[in-house]
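Below: one structure, written as structure tokens.
The values are calculated or read from the model by the stated rules, or taken from the named source; none is laboratory data. Here the structure is a predicted model, which is why all the values come from computation and not from measurement. FYI the Cβ positions are ideal-geometry reconstructions off the backbone, even for glycines, and counts take in every protein chain you see.
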Amino acid sequence: MTSLVITVTETLRYRGAIGQWSWVLHRLSGLGVVLFLVLHVVDTSWAVFWPELYEEAIATYQSPLFTIGEFGLVAAVVYHAINGLRIVFFDYKPHLWRYQARAAKVVAVVTLIILAPVFLLMFGHVLDFYNSAPQVLPLTEVLRAQLVFLPGFIAAIVAALILSGLHGLISGGDGATGAVDPQGSRSERFWWSFMRVSSLLILPLVFGHLAVMHVLQGVFDITAQGHDVVGTGLINESGTAVEFVARRWNLLVGGVAVWRVYDFALLALVVAHGFNGLRYVLTDYTSHSPFLRRASVYLCMLGALTLLVLGVGALLGTIDETAVEMGVEAMERLHAGS
Amino acid sequence: MDISFRIRRYNPEAGRPKPYWQEFALNDVEPTQRVLELLHRVKWEQDGTLAFRRSCSSGICGSDAMRINGRNALACKLLARDVGPKIQVEPILGLRVIKDLIVDMEPFLAHYRQVLPWFVNDGPLPADGRERLQTQEDKDLVTDSTNCILCAACTTSCPSFWANGEYVGPAAIVQAHRFLFDTRDTGDDARLEALGAPDGVWRCRTIFNCTPACPRGIEVTRAIGEVKLAVRKGATAGIIDPATIKQQH
């Protein structure tokens, strides 16, 4: 904890140049995106496993709190993606380092150029939604719906601490992870390359995902009855979020469920990239304690595993008529309740 | 010019267990005087208990690295006129403060030793039994990294090092660079092993604080980048393009 506090306060006090601030923004935006990723993958898996809860989740996404968060999320993803390109470029061309400060400014400008029209379109969806006299969940309901994640987070942290303790007992206790060992060297080398290669693959996938789900249509259109289901040419007849997902995932192009394949690629890459990034951040600030450092690694492994199991499970699952009916009922309850 | 000097003090033996700021006023300072000379004036004229390291006073020995007005530098290379009438001096960060501006350099030097910073070649001596000669082009590959004076200004400007003292740090990586890319040296494997560890080069997040902190103008972040590539591909993979090496004077 002290190492985190010192880094934060001294980063504010040290007169570093623009590269330092790029690093701060890269970390914060990455952490923000990983947090949302957890909520989003778990919520989306409910479309298959627990349709009623999925309707509620989408209703919370349509609340003002999440609308503000959505703008922040899109900004974070765009900045992280563009600055990531800058990092990758100078990793492979270190002799051009003199241009890194200029590149950091270019990153900021490009981010703003991308965000300006995107925010305008997103704001258009927000206006359309509120002009249609919508029923919006009250803030207390929105927060209560997120509260269910808290036990999950706590359970993951406790499990990580227990695993780290067991690991320590078995390996004899000391086993500082910073020690020189060839195994560690090989895996760090792999992850370093993975972060860079995966970022280039994620970039088109995540920009496509954001364009389809947040810009071309809004989160509000997921539950618009009679509205197109973006990317399918089909109509959401019941106006439930469950039917929206069913229409997308059940669409076959040449016998292939293209959106399931797309979402699987995005899920696998983003989960691996995101949780390895989280591991970098957590292990940076826990070097003083082998116990906490191992726990950080276990926490990231548990988080990634959970999201992959839920996400892949949902992508392999079926959403049938009964699920849509459950969605309709849940929606009626939500509307009656608010 | 008159200078107001703010110095971070720490002297637990004198009954002050916590660090504190102390201000000193200096009159008739020549704009061309160096911050080190101003520290001398404080010590000699106002407070003999002020403690700091210095040896050559000429930017060669690397003992007076400190954080001056928020950025790491050598006190003996910064002129009063370049720092302004308000000067704030504090110890470099990430190493334990022993007294005032003096820090414990041992963890820093331990990282330095970790990269085997000496010439390794067990092969037979050249025919004349004397020097292992190299071409000017080969020498140019490492000229920049030979300039390092181990002052720790780069390593202690690095947020990764502040957070994690196990990180080998920029200076040790520059020193490794000097031998990795020395065409006569054969110790690459052991060095790359140490540098490729979880707290080796990979903790560098290309924040670029280290490069402007170097009082010798070494392209520190570039050297770290080249060492990262060497860990992946081997140091003999033609990582440094000779055409991109800056001219040394």
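Any residue at all in the stretch A:187-198 that is at pLDDT 95 or above and more than 14 Å from chain B (Cβ to nearest Cβ)?
Yes, the stretch A:187-198 contains a residue that is at pLDDT 95 or above and more than 14 Å from chain B (Cβ to nearest Cβ).
Away from every other protein chain (no Cβ under 14 Å), in contact with a helix residue (DSSP H, G or I) (Cβ under 6 Å, 6 or more places away or on another chain) and over 20 Å from A:Ala211 (Cβ atoms) - does that describe any residue in the stretch A:15-23?
There is no residue in the stretch A:15-23 that is away from every other protein chain (no Cβ under 14 Å), in contact with a helix residue (DSSP H, G or I) (Cβ under 6 Å, 6 or more places away or on another chain) and over 20 Å from A:Ala211 (Cβ atoms).
Tell me yes or no: at least one residue of the stretch B:67-84 is in contact with a helix residue (DSSP H, G or I) (Cβ under 7 Å, 6 or more places away or on another chain), within 12 Å of chain A (Cβ to nearest Cβ) and among the polar types (S, T, N, Q).
yes
Working only within the stretch B:225-249, note down all residues that are free of Cβ contacts under 8 Å to residues at least 40 places away in the same chain and either within 11 Å of chain A (Cβ to nearest Cβ) or on the phi > 0 side of the Ramachandran plot (or both).
Those that are free of Cβ contacts under 8 Å to residues at least 40 places away in the same chain and either within 11 Å of chain A (Cβ to nearest Cβ) or on the phi > 0 side of the Ramachandran plot (or both): B:Gly225, B:Lys228, B:Leu229, B:Val231, B:Arg232, B:Lys233, B:Gly238, B:Asp241, B:Ala243, B:Thr244.
What is the number of the single condition among (1) crowded, with 16+ Cβ neighbours inside 10 Å; (2) free of Cβ contacts under 8 Å to residues at least 40 places away in the same chain that A:Leu292 does not meet?
(2)
Test B:Ile207 against the criterion of being in a helix (DSSP H, G or I) and β-branched (Val, Ile, Thr), and give yes or no.
Considered against the rule, which asks whether it is in a helix (DSSP H, G or I) and β-branched (Val, Ile, Thr), B:Ile207 comes out as no.
Failed condition for B:Asp199, given (1) within 7 Å of chain A (Cβ to nearest Cβ); (2) without any contact (Cβ under 8 Å) to a residue 24 or more places away in the chain, with all others met?
Condition (2) is where B:Asp199 drops out.
In the stretch B:212-224, which residues are at the interface with chain A (Cβ under 7 Å from one of its Cβ atoms) and either touching an Asp or Glu at 6+ places or on another chain (Cβ under 9 Å) or over 24 Å from A:Glu10 (Cβ atoms) (or both)?
Within the stretch B:212-224, B:Glu219, B:Arg222 meet the criteria.
Here is a yes/no grid of residues against (1) closer than 25 Å to A:Pro138 by Cα; (2) surrounded by fewer than 18 Cβ atoms within 10 Å (Cβ to Cβ):
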{"site": "A:Ser3", "(1), (2)": "no, no"}
{"site": "A:Tyr14", "(1), (2)": "no, no"}
{"site": "A:Gly30", "(1), (2)": "no, no"}
{"site": "A:Ala57", "(1), (2)": "yes, no"}
{"site": "A:Ser63", "(1), (2)": "yes, no"}
{"site": "A:Lys93", "(1), (2)": "no, yes"}
{"site": "A:Ala104", "(1), (2)": "no, no"}
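Take residues that are modelled with pLDDT of 95 or more and within 30 Å of B:Arg16 (Cβ to Cβ) and tell me which of the helices (runs of 4 or more DSSP H) falling wholly in the stretch B:41-152 contain 2 or more.
Passing ranges, in order: B:106-114.
Is it true that A:Val271 is within 17 Å of A:Asp43 (Cβ to Cβ) and either in contact (Cβ under 8 Å) with a residue 60 or more places away in the chain or assigned to a loop (DSSP other than H, G, I, E, B) (or both)?
yes
If you scan the stretch B:98-126, which residues turn out to be within 26 Å of B:Thr49 (Cβ to Cβ) and surrounded by 19 or more Cβ atoms within 10 Å (Cβ to Cβ)?
B:Asp100, B:Leu101, B:Val103, B:Met105, B:Phe108 - these are the residues of the stretch B:98-126 that are within 26 Å of B:Thr49 (Cβ to Cβ) and surrounded by 19 or more Cβ atoms within 10 Å (Cβ to Cβ).
From A:Val74, A:Val107, grab the single residue that is within 14 Å of chain B (Cβ to nearest Cβ) and in contact (Cβ under 8 Å) with a residue 60 or more places away in the chain.
It is A:Val107.
I'm trying to understand the selection: among the residues of the stretch B:132-189, which are among the polar types (S, T, N, Q), free of Cβ contacts under 8 Å to residues at least 60 places away in the same chain and more than 14 Å from chain A (Cβ to nearest Cβ)?
Selection gives B:Gln134, B:Thr135, B:Gln136, B:Thr146, B:Thr183.
Mind listing whichever residues of the stretch A:302-315 are free of Cβ contacts under 8 Å to residues at least 40 places away in the same chain and loosely packed, with under 15 Cβ neighbours inside 10 Å?
A:Leu305, A:Val309
Working carefully through the options A:Ala47, A:Ala104, find the one that is closer than 25 Å to A:Leu305 by Cβ and in contact with a helix residue (DSSP H, G or I) (Cβ under 9 Å, 6 or more places away or on another chain).
Result of the check over A:Ala47, A:Ala104: A:Ala47.
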